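Here the structure is laid out as structure tokens; the discussion comes afterwards.
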Amino acid sequence: MDIRIKKIENSKLSNVDLNNIQFGKVYSDHMFVADYTEGRWSSLSIVPYDNLEIAPGNFTLHYGQSVFEGLKGYKGDNGRIHVFRPYDNLKRMNISARRLCMPDVPEDVFIGGLKALLQIDKAWVPEQKGTALYIRPFMFGNDEYIGIKPSDTYKFIIFTCPVGSYYSEALKVKIELNYVRAAKGGTGYAKVAGNYAASLLPTQEALREGYQQLIWTDGKDHERIEESGTMNLMFIINDTIVTPRTGETILRGITRDSILTIARDWGVNVEERDVTVTELMEGIRSGQLTEAFGTGTAATIIHIKAIGYKGVDYDLPPVPSDSISNRILDHLHKLQRAQTEDKFNWLLHI
Ligand code: COI
């Protein structure tokens with residue numbers, strides 16, 4: 001597909017310290033844009049990153065017909081850019097899109113747009129360990145319409161942000177026993193904007209109570225662990241990686257899948273199953289639970305240092321540098337920069 005390219009006159013890069021950036025606050029020079037009208041994608045372009053013109057009656061502003069993805073590009077030793085598992089993000093984006101009655105984004109638009117954008121903005125990929133270029137593809141309904149029906153027109157955009165760590169230190173998290181993130185039949189498995197809007201108030205309450213994140217529990221009994229605010233969750237119990245199985249209410253994390261795949265490949269025991277609050281609390285009391293951590297594109301792996309349950313905080317033991325999660329994290333870092341064999345063919349080289 002042809003992509004029209006209009007480059008920025010003066011790059012903003014010289015004003016940016018790529019090794020010292022707040023997550024999600026700095027935007028690279030360009031963005032990729034495609035429009036869906038009359039049943040097909042067209043008008044593919046790369047233009048300077050800038051504001052969009054949106055009608056006040058835009059369907060998405062009112063009803064949230066919007067899906068997004070998050071993935072990362074890394075600079076390898078030879079200066080080449082490696083994008084981690086973009087085809088999995090494409091697949092998941094289309095699963096999310098179908099849930100909101102949106103059209104699929106075809107591979108040539110998603111991957112073609114991504115490749116062309118990164119060719120142009122490759123100087124924005126930071127080099128230092130712990131940094132990356134965060135890539136944000138998203139799509140929204142673009143009809144100007146105040147009734148409720150799926151939009152006929154859509155915009156698909158990819159922009160990028162050089163980023164450092166999403167979390168700077170291990171987290172203190174609260175098990176949420178009142179609010180619900182997702183219910184069976186809902187949108188929990190999809191990466192839709194509304195899931196994140198609905199999490200704001202419960203998260204703000206947890207922040208006020210001194211926590212940095214929530215652990216969501218099931219919408220029926222508040223007994224089964226689901227996921228964290230921005231991540232999937234994993235626990236090491238008796239040297240086994242235990243993680244809630246994904247289903248209708250839990251996002252199928254690509255970092256989650258990467259960790260489980262590497263662990264299985266290394267012969268580490270992995271269990272994807274129901275994990276109850278009772279089991280967690282007993283594991284902490286008995287010392288059988290040795291690690292808890294969140295996994296996600298933005299955070300990669302972040303440890304949990306304490307879990308709050310019914311007003312009491314339970315500290316977790318310190319995590320040694322050679323723990324299972326730290327060894328997998330180290331391996332992931334190497335893999336993402338193509339410093340070790342890409343055994344599962346996860347990298348797209350630009
Ligand atoms: C990601 O990990 O990429 C996410 O989507 C989390 C985000 C809300 C920062």
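Each value in this text was obtained by applying a stated rule to the coordinates, not by laboratory testing. None of the values given here were measured: they were computed from a predicted structure. Don't worry about glycine lacking a Cβ; one is built from the backbone with ideal geometry, like all the others, and counts go over all protein chains shown.
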For the Cα atoms of the chain, what angle does the longest principal axis make with the long axis of helix 107-120, in degrees from 0 to 90, nearest 10? 80 degrees
The chain, dipole about Cα centre (Lys/Arg Cβ +1, Asp/Glu Cβ -1), debye to the nearest 20: 360 debye
So the angle from the long Cα axis of helix 254-265 to the longest Cα principal axis of the chain, reported in degrees to the nearest 10, equals 50 degrees
For the chain, count all C-alpha to C-alpha pairs, find those more than 25 Å apart, and express that count as a whole percent of the total. 55 percent
Which part of the range 1-22 falls in the paramagnetic zone of Glu53, meaning amide N under 16 Å from the point 7 Å along Cα-to-beta-carbon? none
Which pairs break 22 Å Cα to Cα here: Lys75/Lys155; Lys172/Lys310; Lys91/Lys174; Lys115/Lys155? Lys75/Lys155; Lys91/Lys174
What is the distance in Å between the Cα centres of the range 84-101 and the range 115-177? 13 Å
Note the angle between two axes, namely the Cα long axis of helix 86-99 and the longest principal axis of the Cα atoms of the chain, as a number of degrees from 0 to 90, rounded to the nearest 10. 90 degrees
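Highest first, please rank the peptides 73-80, 133-140 by the mean number of other Cβ atoms sitting within 10 Å of their residues.
Working: 73-80: 16.0, 133-140: 22.2.
Ranked from most to least packed, the peptides come out as 133-140, 73-80.
Between Asp315 and Glu127, what length in nm is gained on full extension when 0.36 nm per residue of separation is reduced by their alpha carbon distance?
Working: separation 188, 0.36 × 188 = 67.68 nm, distance 3.48 nm.
So the extension gain works out to 64.2 nm.
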How many angstrom lie between the C-alpha centres of the range 238-295 and the range 34-49? 40 Å
Can you pull a Stokes-Einstein diffusion coefficient for the range 4-164 at 20 °C (1.002 mPa s), Rh from Kirkwood over Cα pairs, as a whole number of µm²/s? 130 µm²/s
Net lengthening on full extension, Thr37/Ile95 (0.36 nm per residue, minus Cα-Cα): 18.9 nm
Out of every Cα pair in the range 171-336, what percent are spaced more than 19 Å from each other? 52 percent
Neighbour-count ranking for His331, His62, His82 (other C-beta within 10 angstrom, fewest to most) reads His62, His331, His82
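If R₀ is 25 angstrom, what is the calculated FRET efficiency for the pair Ile146 and Ala183, using the beta carbon separation as r and rounding to 0.05? Mind showing how you got there, number by number?
Numbers: r = 28 Å, r/R0 = 1.10.
For R0 = 25 Å, the calculated efficiency reads 0.35.
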What order do you get for 23-31, 284-292 when each peptide is scored by the mean count of other beta carbon atoms within 10 Å, highest first? 23-31, 284-292
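Which order do the peptides 191-204, 42-55 take when ranked by the mean count of other beta-carbon atoms within 10 Å per residue, highest first? Could you put the intermediate results ahead of the total?
On the way: 191-204: 16.1, 42-55: 13.2.
Most protected by this proxy first, the peptides run 191-204, 42-55.
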